[in-house]
1. Would you please report the Å³ per residue occupied by the convex hull of the alpha carbon atoms in chain A?
2. Using a 1.4 angstrom probe on the protein heavy atoms only, line up B:Val107, B:Val74 by accessible area, largest first.
3. Residues of A:144-156, mean number of Cβ from any other protein chain within 10 Å of their own Cβ, rounded to a whole number?
4. Picking from A:Met311, A:Met327, A:Met160, which is most flexible by a Gaussian network model of chain A using Cα springs under 10 Å?
5. If you take the accessible area of C alone plus A alone and subtract the pair, what total do you get in square angstrom, rounded to 100, with a 1.4 Å probe?
6. Can you list the residues of the range A:3-25 whose accessible area drops by at least 10 Å² going from the chain on its own to the full set of protein chains, with a 1.4 Å probe?
7. Mind running the shape call on the protein assembly as shown? Use the C-alpha gyration tensor, a ≥ b ≥ c as the square roots of the eigenvalues: rounded below 1.5 for a/c, prolate if a/b tops b/c, oblate otherwise.
8. Using a 1.4 Å probe on the protein heavy atoms only, what accessible surface does B:Tyr46 show? Give it in Å² to the nearest 10.
Amino acid sequence: MSLPEFLKDLFESWPLLGSIPLWLYSLACILGLLFLFLFPFAGIAVYLERKIAGDIQARIGPNVVGPYGILQWIADALKLLLKEDIIPAAADKKLFILSPMLIFLGGAAAYAVIPFAENVILANLNIGIFYLIAVTSMVALGLILGGWASNNKWSLLGGMRAAAQIVSFEIPVALCILTAVLVTGTLDMTQIIKNQSPYSWNIFHNPFMFIAACVYYIAALAEANRTPFDIPEADSELVSGYNTEYSGMRFAIFFLIEYAECFVICAVATTLFLGGWYLPFIDISGLALGLRIPIEAMVFMTKAVCLLFVMMWIRWTLPRYRVDQLMKLCWEVLVPFSFACLLGTAFWMALFKGKGIPELIYSLLGWGS
Amino acid sequence: MTAQDVFFYIFALITLVPAFVCVFHPNILYAGLSLFGSFFGVAGIYVLLGADFIAATQVLIYVGGILVLILFAVMLSKNIYGAKFQDEKKKKILPGLLGLILLGFLVKFILTTPWNMTLTDEAPLPTVSRLGDLLLTDYLLPFELASILLLAALIGAIILARSK
Amino acid sequence: MYTQFATILIFLIIGVCMVPLILLVGKLLRPHNPDPKKLTTYECGEESVGSSWVQFNLRFYVIAILFLIFDVEVILMFPVGVTFRQWMTSQAGKGLLVFAEVALFIGILLIGFAYAWVKGDFEWIKTIRPQKKS
């Protein structure tokens, strides 16, 4: 069940809320997700990034606004809101305006199918993960347009590089997702998690799945243009690439979606490989739904945020790749590896009739699954 | 008119208006980009028909792939930006004629095909697993042939790119 | 099914409207002092020479075509991937046959992949060749 349906069921017997049509519930849930989760979370992720960067480089990081500088992101958002909006005279004005809209659409629409907990998912599509791949592919389009419309050499280089990079790395990402789909046998995000259990996460299904999870994470880093693959927006070479000419709120949207996308990547990795909202070895399915949902959401968020932390850790530790190295890495390392994972997992499934390592061990020990 | 009909006409409009812009806009970049709307409109119609997987495929291949390819093609052409493509009348006759012939064929096929239509009130079933089963059994040969077609396309693209 | 897609439709509509809305709110708050120098293209203080809408490297186009071909391959595999598990667990004896079908499908395209790799088409820098005679 999706969140709007779940809420409608919950408030069915209430005097006023019960008569509200379902689409209004949907609208409320979407606005709630955007304003109470996406925007604040992206802001806090920026704060975390700066704080972690500070720690790794042995300096303090933001510490002025609020305790430990925790309100820094609100100050940043306000500052960007008050900045003058500049569209260069030489730019193609219509496309310049269109680009952030496309990027926002592509980046935010992915949140519709992220399963935070049982019943806490905006739209329970039966093609969930496939829909997610489809809508995020819009971001590449937005980046090319942004780079092109700015009529700035750096922006153009950045936009073209970004598009080529996203498009190349989409292949290993899609292949690794397909490998996970092979094991779970569904595209429905909720069902993917339910087909795992506290005792058997997908990542431990077979050795190839473990490699697939690693390849997915690396390729997804490149797809989100994160260091060490941030060639399109390399500060020292391209003056932040495709968003050189963007200022104020338009720039903020590029920035927001970058962090929103990072979370999507971590959430997808959690769903596909790390058992979603299941705790390791602790079965809580016996608890009442009202108690279970907060726990599940917390578990899911913990896993995703841990992955997000690793992303930031990598960013402030590793140097940047070169364009040719990057393309070589994609086509000559990640794509062959992901094909090997796909075939290996398929073979494993054929050999052991779909059973994974945990199930095989449990049946060997004589435990029920 | 049911709600489905209303949505069908809305999606049809979303499909057709950008298509006309694509044909008549003098700036080739805008013309290519206007297809964005068309692709989404068609995806919407697929959803109405209960073909959820095809709808997502439409967005993934056309918006994420073909449109990027078209934009690259436009940007890689020399001095194409700002060039006006207003052909003289002579050049409009032949493509127009070809278009009309194609339209004739399409209308003929639409009228003569025995459409297998059954109207139900139920929401369509999930299509993906049925598609997969059919690809592995009844349509196995086309499925494998698709791979050979893709192989041919891959090698062709590489050789064309190299010969430059 | 329509219920879920209706939510997606509402989401997409909100997604389209959100950016103009944010910019509109910003418009009430932010200053607006255009001046011709401010609106010039930023190139670290240098006067920018010419337009940047120039012909670009063909490599990008080739990458996009390669992506498209592999993308179609992956998409064709998705429905098969969904039913794959069922074929492995329920239909006894057919598991290896189905695996062979899938492996053949992937294998055919892998020939093309290997061809492109051996011929060096994944090399990004192609114009700079090592010159042996010098």
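1. Hull volume over Cα atoms, normalised by residue count, gives 160 Å³.
2. B:Val107, B:Val74
3. Average neighbour count from other chains, rounded to a whole number: 4.
4. The residue that fluctuates most here is A:Met327.
5. Rounded to the nearest hundred, the buried surface is 7200 Å².
6. A:Glu5, A:Leu22, A:Trp23
7. In terms of gyration-tensor shape, rounded.
8. Surface open to solvent at B:Tyr46 totals about 70 Å².
The values are calculated or read from the model by the stated rules, or taken from the named source; none is laboratory data. All of these numbers come straight from a predicted model, not from anything done at the bench. Note: ideal-geometry Cβ built from the backbone for every residue, glycine included; neighbour counts use all protein chains shown. Note: areas computed on protein heavy atoms with side chains; ligands, DNA, RNA excluded. Shrake-Rupley method; radii C 1.70, N 1.55, O 1.52, S 1.80 Å.
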